[in-house]
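The values are calculated or read from the model by the stated rules, or taken from the named source; none is laboratory data. For clarity, every value in this text was computed on a predicted model and none was experimentally measured. All Cβ positions, glycine included, derive from the backbone under ideal geometry; neighbour counts span all protein chains shown. The area values use the complete protein model at the heavy-atom level, side chains included, leaving out ligands, DNA and RNA. Shrake-Rupley method; radii C 1.70, N 1.55, O 1.52, S 1.80 Å.
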Amino acid sequence: MQSSSDSSTFKLDQRVHSTNDPRRIGTVKYIGPVEGHPGTWVGVDWDNGEAKHDGSLNGVRYFEARSQLSGSFVRAQNLTAGISFIEALYIRYRDQPTQEDEDEMYVLSASNKRVSVELVGKEKIQDKLSRLEELTGASLSYLGVSNPGSPNEIRNILPNLKELDLTGNLLSEWKDVGIICEQLPSLAALNLSSNSMSHEIVGLPLLKNIHILVLNNTGINWTQIEVLKDLLPVIEELHLMGNGINAIKTASSSIVHGFDSLRLLNLEENCIAEWNEIVKLSQLRSLEELHLNKNNLNHIFNPDHDTIDKLVGGDESHDQSCIPFQNLRCLLLGGNNIDDLASVDSLNSFPKLIDIRLSENPIADPGRGGIPRFVLVARLAKVEILNGSEVSTRERKESEIRYVRLVMSKLHGNPDEIKQHPRFVELKNYHGIEDERSSAGTTGPQKMASGLLSVTLKSVGPSIGEKPPLTKKLPAATTIGKLKILCETFFKLGSIRPKLFLQEEGSPLPILLVDEMATLMDVGIGNESTVLVDEES
C-alpha cells in the first residue's frame, strides 16, 4: 500500500481511503487550513457516513458532506491516494502471508478458545496463484486500486484472465477501466461494485467480450446505462443494485431498445416506485431474469400493446410482434409495497414466468392482512418456484383444493365474492369439487363435523416445556383468538400467553397469526396443517 502522503498528493473529488483501513473510503472535498487548528487539513466525505460532521466546524462551512455525520478533517499522512492495478495484484497473489495474516486463521473451540488453522496444501495453492499467467480469475477487492499502472504491463502478466473483481477500490474514471479491459482480451466478467464512478463516460472503448458487468453501489443512473449499452454488444448480465435509480430515463425513446443479449437485469435496492418505469424494459427480447427486490413498487401489471402505445405517446413506433416480457422466466419482487390481489393475478399473463418472489410484501404477509402461501400457489397457475422454494406437484394440488374450499366457504350469502377469484371455477372443475349440499334434517354435530379440520398443535415455547404434539379436530370457522384459548387449556399454560405460527410447506419461516378475529380458513389453516405454539415475550 502507498505510504503516508502530503497534502499536495490530493485534489478535490479524488477518491481516497484511510491509511490503516482500505475499506474506509471517501472523497476529498476540501484541502486547506481549518480555523483554530494549525497546518493543512484534508476534508473527506466518507462513504459509510460514519464520521464527525457535515463539512462545517465551529460555525465555519468548509465543504458540503452528503449527511450530517459523514464528513471529517484528516491529516494527509493518514490518507492514501491508492496504488496501481499491478501493485495490488502482487500484494494479493505474490506476497507471502504475514504473521498477522497467519494469526487471523483460526476457529473457535467448544470452550470458545482460538484454535489455529493450517491449510493443507497451502504451499501448492500459493505456488499456483503466484503463476499469474495461469490465472483465469482474480479478486483485487478493497486494495486501494486507483489506476491501471504502466501500459501493456497487465496484458503481459495476465494473458488468460476471464473474471476480475475490483470491488471497493478507488477507481472513478471510465478511461482507467477501459485501459484495464483493453489489456485483458479474454475478460468476460467484471465487478466494479462500490467504486464511485464518474457521471461522464469518456475514454471507454468497445467492451466486446464483457458478458457480465456488476455496477452495484457505484452511483450510476439509467442515463449512463444508455451510454454504456452501445459499448456492451454481448452483455448477458447487468447488476445495478443500490444506485438510487428511480426512473428508466432513455435518450431518444420511451422504451428501452438494444441489449440484444441481456438475459439478467438486477435492479434490487433502488427507488423505483412506478411500474410504468419497468414497462419500459418490456421489449428486451432476451430478458429472462428481472430482479426488483427492495424497491418501492406498490402495483404491477403486464402491459398490452395499447399500454405501450400510450407510454410512447404515439410519437414513436414499437415492434407489434414483440410480446411484452416475452421470455421473462424469473421476477423477484420481494420487499416492495405490493398489497393488491390484481397484481398477483396479473403475473399469470407473463407468458413464461415460473419463478416469482413476493415475500416481504403486504399481500404475501398474513400478519399484515395478506394471503397465505397456499392461496398464492393456487392463484399463480404457472409458478414453479415461489419465494425461493419449489412448488411440488403435491403442494400445488393440495393448495388448489384448499383454495377452492376456502372460496366456497365465503360464497355463502355473498355471490359477488367470486369476482375476486378468477381461477376459482377453473380449479373447481379441474379437481372435481362439488358444491356442498345441506341434506334436510342434517343438523347439530353431524353438520358441524363436515367442516372439521385435523390440525396438529406443536409446542415450541421455552417455558412451556417438552410436550408431545396434539392433533385436534377443529371447526374451520374457529377464530385464532379461540384457538389460543384452546391451546391454553390443551397445554395447561396457566399465565403464559400463547403466540401461534402456521408452518406451511415450502415456506422457509413459519407465519405469525396475528388477527384473532380471523378464522382458521381465513389464514390458510387446512386439513393436516401444523400450528406452532410459542409464548409471548
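Pairs meeting the criteria (first residue in region 510-527 and on the phi > 0 side of the Ramachandran plot, second residue part of a loop (DSSP other than H, G, I, E, B) and not basic (K, R), beta carbons under 9 Å, at least 6 apart or on different chains) are G524/I371; G524/P372; G524/E504.
Taking region 43-92 as the range and being within 30 Å of L184 (Cβ to Cβ), touching a residue at least 60 places away in the same chain (Cβ under 8 Å) and open to solvent by 70 Å² or more (accessible area, probe 1.4 Å) as the test, only E87 passes.
Give me the pairs, please: first residue somewhere in region 291-304 and farther than 10 Å from E274 by Cβ and assigned to a loop (DSSP other than H, G, I, E, B), second residue anywhere and open to solvent by less than 70 Å² (accessible area, probe 1.4 Å) and aromatic (F, W, Y), beta-carbon distance under 9 Å, and either six or more positions apart or on two chains. Note: pairs meeting the criteria are I300/W275; F301/W275; N302/F325; N302/F350; P303/W275; P303/F325.
Matching residues to (1) in contact with a strand residue (DSSP E or B) (Cβ under 7 Å, 6 or more places away or on another chain); (2) surrounded by fewer than 18 Cβ atoms within 10 Å (Cβ to Cβ):
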residue	(1), (2)
E488	yes, yes
F491	yes, no
L500	yes, no
E504	yes, no
L509	no, yes
D515	no, yes
T519	yes, no
E528	yes, yes
V533	yes, no
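Within region 339-361, count every residue that is of a type in the set (A, V, I, L, M) and open to solvent by 40 Å² or more (accessible area, probe 1.4 Å). So that I can check it myself, show each step before the final result.
Step one: of region 339-361, the residues of a type in the set (A, V, I, L, M) are 341-342, 344, 347, 353-354, 356, 358.
Then drop every residue that is not open to solvent by 40 Å² or more (accessible area, probe 1.4 Å), which leaves 341-342.
Of the residues in that region, 2 qualify.
Residue check: is T250 assigned to a loop (DSSP other than H, G, I, E, B), without any contact (Cβ under 8 Å) to a residue 60 or more places away in the chain, of a type in the set (S, T, Y) and within 20 Å of E173 (Cα to Cα)? Criteria not met by T250.
Which members of region 482-497 meet the condition of being in a helix (DSSP H, G or I), of a type in the set (A, V, I, L, M) and in contact (Cβ under 8 Å) with a residue 12 or more places away in the chain? Don't jump to the end; show me each part of the working.
Just the residues of region 482-497 that are in a helix (DSSP H, G or I), to begin with: 482-490.
Right, trim to of a type in the set (A, V, I, L, M) and you get 483, 485-486.
Across region 482-497, the qualifying residues are L483, L486.
Do we find a residue being among the small types (G, A, S), surrounded by fewer than 20 Cβ atoms within 10 Å (Cβ to Cβ), farther than 30 Å from Q183 by Cα and modelled with pLDDT under 95 anywhere in region 14-27? Within region 14-27 (the criterion being among the small types (G, A, S), surrounded by fewer than 20 Cβ atoms within 10 Å (Cβ to Cβ), farther than 30 Å from Q183 by Cα and modelled with pLDDT under 95), the answer is no, since none of the residues qualifies.
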